[in-house]
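The values are calculated or read from the model by the stated rules, or taken from the named source; none is laboratory data. Note that this is a predicted model, so its numbers are computed, not measured. As a convention, Cβ positions derive from the backbone with ideal geometry for all residues, glycine included, and neighbour counts pool all protein chains shown.
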Amino acid sequence: MKNKSDMKDMVIGIGFYRREQWPLLLETSVDAQILGKTYDEWLEVLDLSIEKIRAHGIEPELIDVDINELLVFCEKQGIKNNAEARSRFIRELAKEKRIKEGTE
């Protein structure tokens, strides 16, 4: 188990969805019911999640998610657009970002 000082260095990638792509996300997600009915409702949950993560000494990193790119990822992987697929995609985007920034 990691101690608190290790956790300060941890970064958690959180997907940030664009308002204009929200309808497409809901249309294409097999688990749309867990996302929230409206974009504003989802934003409230996102804000609370960020607060909880920070309370544990971990800095969340918002990862911009283009839903069209997510759908291409799902198609290439042969998977459905669900929470697990979105999480995998966000991890990939976060990893690519760290590589570009030279932090990995």
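Miscellaneous remarks
- Condition check for residue 17: without any contact (Cβ under 8 Å) to a residue 40 or more places away in the chain, surrounded by 15 or more Cβ atoms within 10 Å (Cβ to Cβ) and within 16 Å of the chain's Cα centre (by Cα): no
- Filtered by the rule that a residue be of a type outside the set (A, V, I, L, M, F, W, C), within 21 Å of residue 93 (Cα to Cα) and surrounded by 11 or more Cβ atoms within 10 Å (Cβ to Cβ), the range 32-53 gives a lone residue, 49.
- Among the residues making up the range 49-69, a single one is closer than 18 Å to residue 19 by Cα and without any contact (Cβ under 8 Å) to a residue 24 or more places away in the chain: 69.
- Sub-6 Å Cβ pairs linking a first residue in the range 22-45 that is in contact (Cβ under 8 Å) with a residue 40 or more places away in the chain to a second residue that is of a type in the set (Gly, Ala, Ser) and surrounded by fewer than 15 Cβ atoms within 10 Å (Cβ to Cβ), at least 6 apart or interchain, are 31/83, ordered by first then second residue.
- Single condition residue 95 does not satisfy, out of (1) out of contact with any Gly (no Cβ under 8 Å at 6 or more places or on another chain); (2) closer than 19 Å to residue 32 by Cα; (3) surrounded by 12 or more Cβ atoms within 10 Å (Cβ to Cβ): (2)
- For the range 53-79, a residue qualifies if it is of a type outside the set (A, V, I, L, M, F, W, C), in contact with a Ser or Thr (Cβ under 9 Å, 6 or more places away or on another chain) and within 19 Å of residue 36 (Cβ to Cβ), and exactly one does: 60.
- Residue match in the range 1-12 (condition: surrounded by 11 or more Cβ atoms within 10 Å (Cβ to Cβ), of a type in the set (A, V, I, L, M, F, W, C), more than 16 Å from the chain's Cα centre (by Cα) and modelled with pLDDT under 95): yes
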